[in-house]
Amino acid sequence: MTAITTTLVVGATGATGKHVVLQLLQKKQHVTTVVRSKQRLLNSLDEIAPNASNEYASSLQIKEASLLDLSDDDLMELTSHCDATVSCLGHNISFQGIYRDPHRLVTEATKRLVNAIEANQSLEKEPKKSKFILMGTVAVPNPNGEDDTRTPGERFVQFLLRYLLPPHRDNETAAAYIHGKTDNPNLEWTVVRPTDLTDGGASKYEVFPKPIDPLLGGDRSVTRANVAQSMVDLILTQSLWDEWKFKMPTVYDD
């Protein structure tokens, strides 16, 4: 029997985050979210599974706010009872979302959430372990250098993404930050890097330690529901977590 966990999901109204929330609830887990619109989240859950917002209301805690507007104390309160935190934050695909503030949404949110988790742990006589899952992309290189060397053309594309698209640079910076968190044995993390995202239901998926397709022109994809499933499996299956913690796995449809 799976133990009951509580997971904080940020980016919960996004195309992947809503699947993370729903799948955790469907597995009888508790979920806490921070969203700017409670109704938008409830509607998005009902779009995937009719009446989900009512069926799982008792297990879903929603705080209406902009995450970066919350105080440090607010974030400590949000994370204080959580076993895991999942960040599916991303930038809106619009001119304003890409080129206007906050340019470092994912990085700043990751840093502040980690600080809140560690602040709570510092108050505990016997700090409990906390899982942190950050969603990235296969275009984000692993800072440990273990990804296969990209072709010159791919490296040029990464250069352009890094310096022309602030959201990509933000994803790289956030991954580099969490990858450097090696000083706290009670904070365990993984960065899940999906390949090209598509819509569709959950099915079988594959996980690899590094990208297996070219950066451009690969024939593999993964549904957002499968990315969510991979994260939920990491939270609820300890052996799987032990395999992938402190790593940056890539995810593909089987």
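The values are calculated or read from the model by the stated rules, or taken from the named source; none is laboratory data. All values derive from a computational prediction rather than experimental measurement. When we count neighbours, we look across all protein chains shown, and the Cβ atoms used for this are built from the backbone with ideal geometry, even at glycine. Side chains included, ligands, DNA and RNA excluded: accessible areas come from the protein's heavy atoms. Shrake-Rupley method; radii C 1.70, N 1.55, O 1.52, S 1.80 Å.
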Karplus 3J(HN,Hα) series, Hz, for segment 244-250 with 6.51 cos²θ - 1.76 cosθ + 1.60 (x for Gly, Pro): 10, 5, 6, 10, 10, x, 9
SER80/THR149 FRET efficiency (R0 35 Å; Cβ-Cβ; nearest 0.05): 0.20
Anchor LYS131: lysines whose Cα lies under 22 Å away (excluding residues fewer than 8 positions away in-chain): LYS18, LYS27, LYS28, LYS63, LYS111, LYS181, LYS210, LYS245, LYS247
LYS247 accessible area, 1.4 Å probe, all protein chains in place, Å² to nearest 10: 100 Å²
Most to least accessible of ILE4, ILE235 (protein chains only, probe 1.4 Å): ILE4, ILE235
15 Å beta-carbon shell around THR2, net charge (K/R +1, D/E -1): +1
For ARG104, residues with placed amide H under 5 Å, excluding near neighbours: none
Distant-in-sequence amide H partners of LEU215 (H built 1.01 Å from N, under 5 Å): none
Cα-centre dipole for segment 1-73 with unit charges at Cβ (Lys and Arg positive, Asp and Glu negative), debye to 20: 200 debye
Net charge dipole size for segment 12-151 [Lys, Arg +1 and Asp, Glu -1 on Cβ; Debye, nearest 20]: 220 debye
Fraction of accessible area attributable to carbon and sulfur, the chain (%, probe 1.4 Å): 51 percent
Simple label model, 7 Å out from Cα along Cβ direction - ALA15 to GLN238, nm: 3.7 nm
Of GLY218, GLY11, GLY145, the one that fluctuates the most in a GNM where the chain has Cα springs shorter than 10 Å: GLY145
Segment 184-200 - phi-based ³J(HN,Hα) in whole Hz, Karplus 6.51/-1.76/1.60, Gly and Pro as x: 10, x, 9, 10, 10, 9, 8, 10, 8, 10, x, 7, 4, 8, 9, 7, x
Estimated distance in nm for a label pair at THR182 and THR2, the labels positioned 7 Å out from Cα along Cα-to-Cβ: 3.3 nm
Segment 96-237: relative contact order in percent, alpha carbon pairs under 8 Å with at least 6 residues between: 31 percent
Whole-number percent relative contact order across the chain, with pairs defined as alpha carbons under 8 Å at least 6 apart: 20 percent
Sum of side-chain charges, THR173 neighbourhood, beta-carbon under 13 Å (Lys, Arg +1; Asp, Glu -1): +1
Theoretical FRET efficiency, 1/(1+(r/R0)^6), r = Cβ-Cβ of ASP254 and ARG36, R0 30 Å, to 0.05: 0.30
Amide H contacts of TRP189 (H built 1.01 Å from N, under 5 Å, at least 5 apart or other chain): PHE132, PHE246
